[in-house]
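Asker: Quick one: this structure, given as structure tokens, is what I'll be asking you about.
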Amino acid sequence: MYHNVIFAFVGFLFQGSSQATIKVDPATLPTFLTSSQVFRVTDKDTVVLPCDVSNLGTYVRVWKKGNAVLSAGPVKVSPDPRINLIQGYSLEIKEASPQDAGDYVCQIGTIEPREITHTVEILVPPRIFYVSSNGRVEAKKGSSVRLECKASGNPVPKITWSRKNNILPGGEQTAVTPFLNLESVDRHQAGLYLCTASNGVGEDVTQQIVLHVLYPPEISVESPIVHSAEGFEAQLVCIVHGESQPEVLWYRDTMQLDTTESRIMESRGSRHTLFIRKVHKSDFGNYTCVADNQLGKTRKSVQLTGKPNAAKFNSPSRGSWKDSYNISWVIQSLSPIEEYKLLFRRLPDSVTTSEDGHPQPVHHQSQKKLFFGKENKTYNAVNYNTATYGHGRQYIDRRTDWRDVILPAPTPSQSTGVQTMNYIIRGLDPGQNYEAKVQARNKFGWSPFSESFTFQTTDLDMSYPERPQLPRNVYNENEIRDMGITMYSSSSRVDLCAFLYFFGILLKIITSI
């Protein structure tokens, strides 16, 4: 039998010349019942290629791949043990590998050979075979970096970049590209980058690249000004970053500080703290933390002061009265506040500001001579533009100028370091916007000015609620405006001045009758 098959196969090889003159009835020729197909098979799976034929007769069916004959008739020719004929003449390939991909031809040895072609694609899961610098990249600050990732598989894998616990430097969560370009890197671009290869076959694969950015130390201070008081603890904090942990030293002016019983230096990760356990007056001043590594040295200063913090207003932005406003604020100061300086003005159409961004008063506080009868007394003039009134006396003319009031601070009711103050500003215009700032002084000096605060008087003709009574040594704006002075001297001195002023007015009325 096998001899007959061999003879038939040999006849098939030479049929082109020997049967060239033979005429065959087309109705007797074999016909394929199977059409050409594409088979996509995962690596290591089994694929079966069908080749069903009707009316085969004495013709020989042959499987070929390229020039290699795999089978002829019922006889397997290929020596590959993974290749077999099953279910008659279907070609089976076990444990298919990428080398098995290609075109497989099932051919019938007619005078003009008839054939179908099956294409086998072996689907291979992705595999990453290259990442930049074996996954560890070092670069100096300001340089450019190219992160690259290469993968194999079928279909060709897609490369997706991401960053562990962070976004990419461009602001996106992921980027699909074979390589990632980073320009002018700094410490914020350092970290763990993930390269993921995927092609829809099997599971995605990921490898990581650690980017180290080498840079001189970078320092930020938790607070550039630390407020404290005698007998209290102070903490001065520097946050230090640097590739390879820098050495950090503390200085007071130019003197390097060492740890003592009252002064302790502590480092926890990037946080470096100088503790001063019980602050003395001599401890106030400027401190510097200096960080040093092999790429450079950096320093940052912190000021320790006993002065108050800037105040914060806590009154509502819209008042309840037409011509008055109850303004209040809170301030942090571990030492008692001795006095406040309140500045306010009606907002003009355009506001002139100084270089530091604060609205500028029209005049600085100055000494003005005021004459009442024969007596010569000196009082502090309010910061207003002035105009002639009576016999050379001064009075307020422009309502949009800055006005200031010096207020003695009440005795703190508690020692929490938070102190409060309120003051009723009178003599305002209905339905107008006003701007205010405040400054506080304790025994160590004046605080910075607060941020500007705006408030508005009501324009409704409403009956006023009862207003709080002012302490005897604090005067309202009506009194200040009528007398043309800022009164913050002793109460007896102010009472005498007010008496003389109103007595003069009364005398003029009597003499005119």
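The values are calculated or read from the model by the stated rules, or taken from the named source; none is laboratory data. Computed from a predicted structure; not experimentally measured. No Cβ is skipped: glycine too gets one built from the backbone with ideal geometry, and neighbour counts run over all protein chains shown. In case anyone asks, the SASA skips ligands and DNA or RNA and just uses the protein heavy atoms, side chains included. Shrake-Rupley method; radii C 1.70, N 1.55, O 1.52, S 1.80 Å.
Asker: Can you find, within segment 111-121, the residue that is least open to solvent (accessible area, probe 1.4 Å) among those that are of a type in the set (Asp, Glu) and more than 59 Å from the chain's Cα centre (by Cα)?
Answerer: In this case the residue turns out to be Glu115.
Yes/no per residue for (1) among the aliphatic types (A, V, I, L, M); (2) more than 30 Å from Ser162 (Cα to Cα); (3) open to solvent by 30 Å² or more (accessible area, probe 1.4 Å); (4) not in a strand (DSSP E or B):
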site: Val213; (1), (2), (3), (4): yes, no, no, no
site: Glu230; (1), (2), (3), (4): no, yes, yes, yes
site: Trp250; (1), (2), (3), (4): no, yes, no, no
site: Asp258; (1), (2), (3), (4): no, yes, yes, yes
site: Lys278; (1), (2), (3), (4): no, yes, yes, yes
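Asker: I'm trying to understand the selection: among the residues of segment 66-80, which are outside any strand (DSSP E or B), open to solvent by less than 40 Å² (accessible area, probe 1.4 Å) and over 15 Å from Leu49 (Cβ atoms)?
Answerer: Within segment 66-80, just Gly73 meets the criteria.
Asker: Just wondering, is there one or more residues in segment 261-275 that are free of Cβ contacts under 8 Å to residues at least 24 places away in the same chain, over 30 Å from Trp329 (Cα atoms), open to solvent by less than 80 Å² (accessible area, probe 1.4 Å) and in a loop (DSSP other than H, G, I, E, B)?
Answerer: Checked segment 261-275: at least one residue is free of Cβ contacts under 8 Å to residues at least 24 places away in the same chain, over 30 Å from Trp329 (Cα atoms), open to solvent by less than 80 Å² (accessible area, probe 1.4 Å) and in a loop (DSSP other than H, G, I, E, B).
Asker: Consider segment 255-276. How many of its residues are closer than 18 Å to Thr305 by Cα and of a type in the set (S, T, N, Q)?
Answerer: Within segment 255-276, residues that are closer than 18 Å to Thr305 by Cα and of a type in the set (S, T, N, Q) number 2.
Asker: Taking segment 232-247 on its own, how many of its residues are of a type in the set (Gly, Ala, Ser), surrounded by fewer than 20 Cβ atoms within 10 Å (Cβ to Cβ) and under 18 Å from Leu304 (Cα atoms)?
Answerer: Adding up the residues that qualify gives 0.
Asker: With respect to Val302, is the statement that it is part of a strand (DSSP E or B) and crowded, with 20+ Cβ neighbours inside 10 Å true?
Answerer: yes
Asker: Right, here's the next one. Just to verify a result, which residue in segment 81-110, among those that are loosely packed, with under 15 Cβ neighbours inside 10 Å and not in a strand (DSSP E or B), is modelled with the lowest pLDDT?
Answerer: Gly88
Asker: For segment 203-225, what are the residues that are of a type in the set (A, V, I, L, M, F, W, C) and under 23 Å from Gln245 (Cα atoms)?
Answerer: Ile209, Val210, Leu211, Val213, Leu214, Ile219, Val221, listed by residue number.
Asker: Only one of Pro316, Pro348 is open to solvent by 70 Å² or more (accessible area, probe 1.4 Å) and either at pLDDT 95 or above or not in a strand (DSSP E or B) (or both); which?
Answerer: The match here is Pro316.
Asker: Same structure, new question: Please specify each residue of segment 155-166 satisfying the condition of being part of a loop (DSSP other than H, G, I, E, B) and either touching a Phe, Trp or Tyr at 6+ places or on another chain (Cβ under 8 Å) or open to solvent by 70 Å² or more (accessible area, probe 1.4 Å) (or both).
Answerer: Val156, Lys164, Asn165 - these are the residues of segment 155-166 that are part of a loop (DSSP other than H, G, I, E, B) and either touching a Phe, Trp or Tyr at 6+ places or on another chain (Cβ under 8 Å) or open to solvent by 70 Å² or more (accessible area, probe 1.4 Å) (or both).
Asker: While we're here: Look at segment 174-211 and say how many of its residues are among the hydroxyl-bearing types (Ser, Thr, Tyr), under 29 Å from Leu295 (Cβ atoms) and open to solvent by 60 Å² or more (accessible area, probe 1.4 Å).
Answerer: Looking only at that region, the number is 1.
Asker: Select from segment 122-138 the residues that are surrounded by fewer than 18 Cβ atoms within 10 Å (Cβ to Cβ) and in contact with a strand residue (DSSP E or B) (Cβ under 7 Å, 6 or more places away or on another chain) and write down the one among them that is nearest to Glu92 (Cα to Cα).
Answerer: Step by step, filter segment 122-138, then rank; the result is Arg127.
Asker: Could you please give the count of residues in segment 111-135 that are acidic (Asp, Glu) and assigned to a loop (DSSP other than H, G, I, E, B)?
Answerer: Adding up the residues that qualify gives 1.
Asker: So in segment 280-297, with the set limited to residues that are touching a residue at least 40 places away in the same chain (Cβ under 8 Å) and assigned to a helix (DSSP H, G or I), which one is surrounded by the most Cβ atoms within 10 Å (Cβ to Cβ)?
Answerer: Asp283
Asker: Based on what the data block shows, is Val237 in a strand (DSSP E or B), of a type outside the set (Phe, Trp, Tyr) and under 30 Å from Asn442 (Cα atoms)?
Answerer: yes
Asker: Whether any residue in segment 220-228 is more than 18 Å from the chain's Cα centre (by Cα), more than 27 Å from Phe275 (Cβ to Cβ) and open to solvent by 30 Å² or more (accessible area, probe 1.4 Å) is what I want to check.
Answerer: So far as segment 220-228 goes, no, none of its residues is more than 18 Å from the chain's Cα centre (by Cα), more than 27 Å from Phe275 (Cβ to Cβ) and open to solvent by 30 Å² or more (accessible area, probe 1.4 Å).
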